[in-house]
1. Please list 3J(HN,Hα) in residue order for region 90-97, calculated via the Karplus relation 6.51 cos²θ - 1.76 cosθ + 1.60 where θ = phi - 60°; whole Hz, with x for glycine and proline.
2. Quote the FRET efficiency, to the nearest 0.05, computed for Val129 versus Asn71 with a Förster distance R0 of 45 Å and r equal to the Cβ-Cβ distance.
3. Hey, can you grab everything whose amide H is under 5 Å from the amide H of Gly99? Only 5+ residues off in sequence or another chain; H modelled, so Pro and N-termini drop out.
4. What residues qualify as long-range amide H neighbours of Asn145, i.e. H under 5 Å apart, gap of 5 or more or another chain, H built at 1.01 Å from N?
5. Provide the solvent-accessible area of Lys122, counting protein heavy atoms only and rolling a 1.4 Å probe, rounded to the nearest 10 Å².
6. On a 1.4 Å probe surface of the protein chains, which of Ser116, Ser31 comes out largest in accessible area, and what is the full order?
7. Quick one: what are the phi-derived ³J(HN,Hα) couplings along region 20-32, Karplus 6.51/-1.76/1.60 with θ = phi - 60°, whole Hz, x for glycine and proline?
8. For region 48-94, with the dipole built from +1 on Lys and Arg beta-carbon atoms and -1 on Asp and Glu ones, taken about the Cα centre, which of Leu92, Pro55, Val80 lies farthest toward the positive end?
Amino acid sequence: MGKSYEFRTNAAPPNHRIYETYLRDIGLEKSHFGDLAKRGLTSEQIQNAQFATKPPNKASRAITTLGKLENEFGTQMNGVAGFYIDEKSKHLTQMKTVGMLISVRNFNGHIESLLSRNDNAKIGISGKVENKYVAFSSKDKPKGNKVFQTTHCPIIKGAPKKVCGPTARITEGILK
């Protein structure tokens with residue numbers, strides 16, 4: 001019989017601190033907070049999950065936050081999905097989609113990636129909403145990266161290990 005391997009680790013993924021700092025600094029707009037509250041989430045759950053509102057790239061809040069990330073993390077920002085170096089300004093920038101950011105967490109509660117709930121989703125030819133949920137990705141951009149698929153473990157109802165445990169839950173999306 002083959003060996004069984006355990007791949008879980010308590011170590012935070014390399015981009016966890018960057019994403020955590022970014023989400024804390026950009027904050028959450030009242031409209032997005034209201035959307036989450038309508039879904040039944042409490043203030044504490046919203047805060048624990050670190051939902052945030054990605055501001056437009058030219059907004060002063062975005063410029064200030066990106067400058068802070070650039071100063072604090074420097075070259076560690078290279079290859080972090082969602083961020084890239086603007087070819088004209090040579091400064092750190094972020095994907096263009098504006099909306100609510102949702103943390104995708106691993107079993108230990110560390111942020112692996114982000115998902116953006118697009119505020120400007122379009123209605124496709126079929127009449128259905130397209131591009132409502134978009135990976136916070138910067139593939140094909142200078143010093144950018146794509147999002148690697150991970151398994152999400154929510155923290156809105158307690159510690160991830162206790163919430164996820166050995167049970168797999170199949171849901172429509174991360175917010176569910």
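The values are calculated or read from the model by the stated rules, or taken from the named source; none is laboratory data. Keep in mind that what you see is a predicted model, and the values were worked out from it rather than measured. Quick reminder, even Gly has a Cβ in these numbers, built from the backbone with ideal geometry, and neighbours come from all protein chains shown. Note: areas computed on protein heavy atoms with side chains; ligands, DNA, RNA excluded. Shrake-Rupley method; radii C 1.70, N 1.55, O 1.52, S 1.80 Å.
1. Listing the rounded values in order: 6, 10, 5, 9, 9, 3, 7, 4 Hz.
2. Details: r = 38 Å, r/R0 = 0.84.
Efficiency, rounded to the nearest 0.05: 0.75.
3. Sorted by chain and number, the residues that satisfy this are Lys54, Asp119.
4. So Asn145 has HN proximity to Gly82, Phe83, Ser138, Lys139.
5. Answer for Lys122: close to 130 Å² accessible.
6. Ser31, Ser116
7. With coefficients 6.51, -1.76 and 1.60, one gets 4, 4, 4, 4, 4, 6, 7, x, 10, 6, 4, 5, 6 Hz.
8. Most positive-ward Cα: Pro55.
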